[in-house]
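K.L.:
Attaching a single structure in structure tokens format; questions to follow.
The values are calculated or read from the model by the stated rules, or taken from the named source; none is laboratory data. Predicted, not measured: the structure shown is a model, and the values here were computed from it. Ideal geometry is used to build each Cβ from the backbone, glycine not excepted, and the neighbour counts take in all protein chains shown. Only protein heavy atoms, including side chains, enter the accessible area calculation; ligands, DNA and RNA are left aside. Shrake-Rupley method; radii C 1.70, N 1.55, O 1.52, S 1.80 Å.
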Amino acid sequence: MAPTTDVDGDGVVAASSVPGAQPPSPTGSTGRPDAAAQPDTTAQPDTTAQPDAIAEPESTAVPLLVPSDPVVAPVTGLGDLLAWARQLAAGPAEPVAIDAERASGFRYGGRAYLVQLRRRDTGTALLDPIALGDLQVLDQPLARSEWVLHAATQDLPCLAEAGIRPRRLFDTELAGRLAGFPRVGLAPLVERMLGLQLRKGHGAADWSTRPLPHDWLVYAALDVEVLVELRDAMEAELTRQGKLEWAQQEFAALVAAPAPTPRPDPWRRTSGVHKITDRRALAIVRELWLARDSLARRRDVAPHRVLPDSAIIAAAAARPTTITTLVALPVFSGRMQRRNADAWLTAVTRALALPAEELPPSRFLGDGPPAPAKWASRDAVAAARLQSAKAGLVELSERVHTPVENLMSPDLVRRVLWTPPDSDGAGLDAALSQVLADRGARPWQIELTEPVLRKAIVDASRA
């Protein structure tokens, strides 16, 4: 999970440290507050409540420092993993809390170095997907259950890489956004909904460390300790607000979403590249980025630890032609940078030797509309459409207490308003709804935002 979902592991836990311990037996009462009872599911979205209806309540939270199950060393053996698979398959198909810990700031890529899962009847399992190779034997046993995650989009890719994927899910962070809560990290939501306090801990740690320290394991176990209870409370809140159907559509879209496609020209995300418009300098950025990425991948090290973005930008501006001039740059004075100076100079030399026709364009030529700041100079009517739609969506957001970006993807709004459907009158309604649906908007989003976008299109055409 992201650092905003961290909890602290300061509590003293009487725990076994025997590797490969068998799954714990179902636990009894933990003394935690019960989740709210589920109200009438026929409620409609509350469009009249004032903003203070979702203000943060005064905190009287009780610290949660100790998991209800003993914290043991992560499962690393196939036999123990198969035992967990059998226990999950034999039990009821209840919701299962799932989380993953990565080492993105230390290692190349975003693979999971620890996976935590918890179901009420089985307790908590800590799994080491690196030692196990993958978790594929759990895929079918877990397929019967709804997965409960916090910020699912962060964890789903690495869980899929480990061999497991959800068929149904509930995202507590997304539920908080739809509910209009001002803070949607795991700790604030647990405090608000369950009256328990989770403190920040080891979320940004190097989870590739072996063996993992015991207090890190406590932290990891606490990440899933009350996630199912939080899910139940958030479902009740969404039902109260008449937004449960919205959430269900969003969760289904997360499950059905294809694997993300590689980003075109990823080197253009180098920090500071927006300051560079010269094509030759951009070629240096590209070649250094590619050289760094190749070296980082081979060594399984986070790219910024091999060469910081600031060094790439500095080299693009200075265009060094010798090792001496390269390492004279302050950002290349580090031991790692000097050790790989030959590789960096080779990349720079390669960029300097490129023929003009092979230099990258000054700006990425995507398939979307131009930046909003340029709309007025390129198409005044389109700019009027966008301004009107922004105002309408902000008003809608305030009325239904849901962030604008959750009402409709800003990219989709811009695409539709830059090139709206070629229809008018009643035909525009159907055409606009179809365009939104074709581009992935959910029915609840279309129902709410289509009138706003239609009004923006019509009003701008009449001005």
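K.L.:
Restricting to the range 160-180, name every residue that is among the hydrophobic types (A, V, I, L, M, F, W, C) and touching a Leu at 6+ places or on another chain (Cβ under 7 Å).
P.N.:
Initially, the range 160-180 is screened for residues among the hydrophobic types (A, V, I, L, M, F, W, C), giving 160, 162, 164, 169-170, 174-175, 178-179.
Once the filter is applied, which keeps residues that are among the hydrophobic types (A, V, I, L, M, F, W, C) and touching a Leu at 6+ places or on another chain (Cβ under 7 Å), the range 160-180 yields Ala162, Ile164, Leu169, Ala175, Leu178, Ala179.
K.L.:
Restricting attention to the range 379-401, does a residue exist that is under 30 Å from Ala311 (Cβ atoms) and not hydrophobic (A, V, I, L, M, F, W, C)? Even if it seems obvious, please write down each step before you answer.
P.N.:
Narrowing the range 379-401 to residues under 30 Å from Ala311 (Cβ atoms): none.
So far as the range 379-401 goes, no, none of its residues is under 30 Å from Ala311 (Cβ atoms) and not hydrophobic (A, V, I, L, M, F, W, C).
K.L.:
Are there any pairs with C-beta distances below 8 angstrom linking a residue in the range 300-328 that is in contact (Cβ under 8 Å) with a residue 12 or more places away in the chain to a residue that is open to solvent by less than 60 Å² (accessible area, probe 1.4 Å) and acidic (Asp, Glu), with the two at least 6 apart or on different chains, and if so which?
P.N.:
Sorted first by the residue in the range 300-328, then by its partner, the pairs are Pro303/Asp293.
K.L.:
Let me ask something else. Counting residues that are open to solvent by less than 30 Å² (accessible area, probe 1.4 Å), which helices (runs of 4 or more DSSP H) fully inside the range 88-181 reach at least 2?
P.N.:
Details: elements: 129-132, 139-143, 152-161, 172-179.
The helices (runs of 4 or more DSSP H) meeting that bar are 139-143, 152-161, 172-179.
K.L.:
Of Ala291, Ala343, which residue is touching a Leu at 6+ places or on another chain (Cβ under 7 Å) and either more than 17 Å from Gly105 (Cα to Cα) or outside any helix (DSSP H, G or I) (or both)?
P.N.:
Details: Ala291 fails: touching a Leu at 6+ places or on another chain (Cβ under 7 Å).
Among Ala291, Ala343, only Ala343 is touching a Leu at 6+ places or on another chain (Cβ under 7 Å) and either more than 17 Å from Gly105 (Cα to Cα) or outside any helix (DSSP H, G or I) (or both).
K.L.:
Of all residues in the range 393-448, which are charged (D, E, K, R) and more than 28 Å from Gly366 (Cβ to Cβ)?
P.N.:
Residues of the range 393-448 that are charged (D, E, K, R), as a first pass: 395, 398-399, 405, 411, 414-415, 422, 424, 429, 438-439, 442, 447.
Once the filter is applied, which keeps residues that are charged (D, E, K, R) and more than 28 Å from Gly366 (Cβ to Cβ), the range 393-448 yields Glu395, Glu398, Arg399, Asp424, Asp429, Glu447.
K.L.:
Among the numbered criteria (1) closer than 25 Å to His214 by Cα; (2) at pLDDT below 50, which one does Pro33 miss?
P.N.:
Failing condition for Pro33: (1).
K.L.:
Moving on. For the subset of the range 256-269 comprising residues that are within 21 Å of Gln154 (Cα to Cα) and outside any helix (DSSP H, G or I), which member is most open to solvent (accessible area, probe 1.4 Å)? Quick ask: steps written out before the conclusion?
P.N.:
Here is the first cut: in the range 256-269, the ones within 21 Å of Gln154 (Cα to Cα) are 256-264, 266, 269.
Those left that are additionally outside any helix (DSSP H, G or I): 257-264.
Working: Ala257: 57, Pro258: 110, Ala259: 82, Pro260: 108, Thr261: 118, Pro262: 119, Arg263: 138, Pro264: 78 Å².
The extreme case among them is Arg263.
K.L.:
Go through the range 270-281 residue by residue and tally those that are open to solvent by 70 Å² or more (accessible area, probe 1.4 Å), assigned to a helix (DSSP H, G or I) and not basic (Lys, Arg).
P.N.:
1
K.L.:
Please give the number of the condition Thr60 fails out of (1) modelled with pLDDT of 60 or more; (2) outside any helix (DSSP H, G or I); (3) more than 28 Å from the chain's Cα centre (by Cα); (4) surrounded by 13 or more Cβ atoms within 10 Å (Cβ to Cβ).
P.N.:
So the condition that Thr60 fails would be (4).
K.L.:
Can you tell me which of His202, His214 is within 22 Å of Asp155 (Cα to Cα), in contact (Cβ under 8 Å) with a residue 40 or more places away in the chain and out of contact with any strand residue (DSSP E or B) (no Cβ under 6 Å at 6 or more places or on another chain)?
P.N.:
Working: His214 fails: within 22 Å of Asp155 (Cα to Cα).
So the residue among His202, His214 that is within 22 Å of Asp155 (Cα to Cα), in contact (Cβ under 8 Å) with a residue 40 or more places away in the chain and out of contact with any strand residue (DSSP E or B) (no Cβ under 6 Å at 6 or more places or on another chain) is His202.
K.L.:
Those residues that are more than 27 Å from the chain's Cα centre (by Cα), basic (Lys, Arg) and either modelled with pLDDT of 95 or more or not in a helix (DSSP H, G or I) (or both), I need them from the range 416-463; list them, please.
P.N.:
Answer for the range 416-463, where residues must be more than 27 Å from the chain's Cα centre (by Cα), basic (Lys, Arg) and either modelled with pLDDT of 95 or more or not in a helix (DSSP H, G or I) (or both): Arg454, Lys455.
K.L.:
Only one residue in Thr349, Thr321 is open to solvent by 30 Å² or more (accessible area, probe 1.4 Å) and part of a loop (DSSP other than H, G, I, E, B), so which one is that?
P.N.:
Numbers: Thr349 fails: part of a loop (DSSP other than H, G, I, E, B).
After ruling out the rest, the residue left standing is Thr321.
K.L.:
If I go through the range 359-383 residue by residue, how many of them are open to solvent by 40 Å² or more (accessible area, probe 1.4 Å) and either in contact with a helix residue (DSSP H, G or I) (Cβ under 8 Å, 6 or more places away or on another chain) or not basic (Lys, Arg) (or both)? Full working, then the answer.
P.N.:
Going through the range 359-383, the residues open to solvent by 40 Å² or more (accessible area, probe 1.4 Å) turn out to be 361-367, 371-374, 376-381.
Narrowing further to those that are either in contact with a helix residue (DSSP H, G or I) (Cβ under 8 Å, 6 or more places away or on another chain) or not basic (Lys, Arg) (or both): 361-362, 364-367, 371-373, 376-377, 379-381.
Counting residues in the range 359-383 that are open to solvent by 40 Å² or more (accessible area, probe 1.4 Å) and either in contact with a helix residue (DSSP H, G or I) (Cβ under 8 Å, 6 or more places away or on another chain) or not basic (Lys, Arg) (or both) gives 14.
K.L.:
Separate question: Please count how many residues of the range 155-204 are farther than 17 Å from Val228 by Cβ, of a type in the set (A, V, I, L, M, F, W, C) and either modelled with pLDDT under 95 or in contact with a His (Cβ under 7 Å, 6 or more places away or on another chain) (or both).
P.N.:
1
K.L.:
Right, here's the next one. Does Ala220 count as open to solvent by 20 Å² or more (accessible area, probe 1.4 Å), of a type in the set (A, V, I, L, M) and not in a loop (DSSP other than H, G, I, E, B)? Quick ask: steps written out before the conclusion?
P.N.:
Values: open to solvent by 20 Å² or more (accessible area, probe 1.4 Å): no; of a type in the set (A, V, I, L, M): yes; not in a loop (DSSP other than H, G, I, E, B): yes.
Criteria not met by Ala220.
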